[in-house]
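> Below you will find the structure I want to go over with you.
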Amino acid sequence: MVLYIVAKLAGRPPAPATLPVTEGTDDLADFYTPSIGRDIALPYEGAGRSLRVPVSFDGAHTEDLWMLFDTGATYTTLNTAALTALGVPVPVDSPVVTLSTANGEIEAPVVLIGRLWLAGLPVEGVTIAGCETCGSNRVEGLLGLNVSQQFA
């Protein structure tokens, strides 16, 4: 499977069930129903080095969030506000990882989220690092390789 980022969106990310899906086409501007050997089109907003993608998270509460698609990030990250909105606690004794960020290395607690949805597909058991500096007013965090590599 190959993950293509091809369709621009604007505004709040749609829930996975509302993404348009077209089966049996080779036009990358369309969305695909994924299966073995099929391409997956991922809606996005932005250009160049800043691609924001819609991601839906299942937690105590379901949230649709914008994340920065980051091929250089090992872990997917969320800020504390997003983790709180999902109802995901960060215990004081959570495992900690060292993240190399644009502002230097930081220690980040790690939690496990049961499921997230990307391009309408579930990704189970996702490790999330809590990172305040990895988000902005436009994104809640980074979509890292621990998620995107599952589509390679």
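The values are calculated or read from the model by the stated rules, or taken from the named source; none is laboratory data. Remember, predicted model here, so these are calculated numbers, not experimental data. For neighbour counting, all protein chains shown are included, and Cβ atoms are generated from backbone atoms with ideal geometry for every residue, glycine included. SASA here: full protein model, heavy atoms, side chains in, ligands and nucleic acids out. Shrake-Rupley method; radii C 1.70, N 1.55, O 1.52, S 1.80 Å.
> Name the single residue, out of those in the range 132-149 being outside any loop (DSSP other than H, G, I, E, B) and over 18 Å from ALA85 (Cβ atoms), that is most open to solvent (accessible area, probe 1.4 Å).
As a first pass, look at the range 132-149 and keep what is outside any loop (DSSP other than H, G, I, E, B): 132-134, 142-143, 145-149.
Filter again for over 18 Å from ALA85 (Cβ atoms), leaving 133, 145-149.
Working: THR133: 84, LEU145: 64, ASN146: 31, VAL147: 0, SER148: 16, GLN149: 119 Å².
Checking each candidate, the answer is GLN149.
> I'm trying to understand the selection: among the residues of the range 88-122, which are in a loop (DSSP other than H, G, I, E, B) and on the phi > 0 side of the Ramachandran plot?
Residues of the range 88-122 that are in a loop (DSSP other than H, G, I, E, B), as a first pass: 88-95, 102-103, 119-120.
Scanning the range 88-122 gives ALA119, GLY120.
> With ALA102, ALA129, ALA119 as the choices, which residue is surrounded by 20 or more Cβ atoms within 10 Å (Cβ to Cβ), farther than 22 Å from ALA41 by Cα and either of a type in the set (A, V, I, L, M, F, W, C) or more than 12 Å from the chain's Cα centre (by Cα) (or both)? Walk me through it before giving the result.
Numbers: ALA102 fails: surrounded by 20 or more Cβ atoms within 10 Å (Cβ to Cβ); ALA119 fails: farther than 22 Å from ALA41 by Cα.
Result: ALA129 is the single residue among ALA102, ALA129, ALA119 that is surrounded by 20 or more Cβ atoms within 10 Å (Cβ to Cβ), farther than 22 Å from ALA41 by Cα and either of a type in the set (A, V, I, L, M, F, W, C) or more than 12 Å from the chain's Cα centre (by Cα) (or both).
> On to the next question. In this structure, is GLY125 part of a strand (DSSP E or B), in contact with a Lys or Arg (Cβ under 7 Å, 6 or more places away or on another chain) and at positive phi? Explain how you work it out, then say what you get.
On the way: part of a strand (DSSP E or B): yes; in contact with a Lys or Arg (Cβ under 7 Å, 6 or more places away or on another chain): no; at positive phi: yes.
Taking the combined requirement at face value, the residue does not satisfy it.
> Can you name the residue in the range 48-73 that is acidic (Asp, Glu) and under 16 Å from THR127 (Cβ atoms) and is also surrounded by the most Cβ atoms within 10 Å (Cβ to Cβ) among such residues? Spell out how you get there, then give the answer.
Here is the first cut: in the range 48-73, the residues acidic (Asp, Glu) are 58, 63-64, 70.
Subset that is under 16 Å from THR127 (Cβ atoms): 58, 70.
Details: ASP58: 16, ASP70: 21.
Taking the candidates together, the pick is ASP70.
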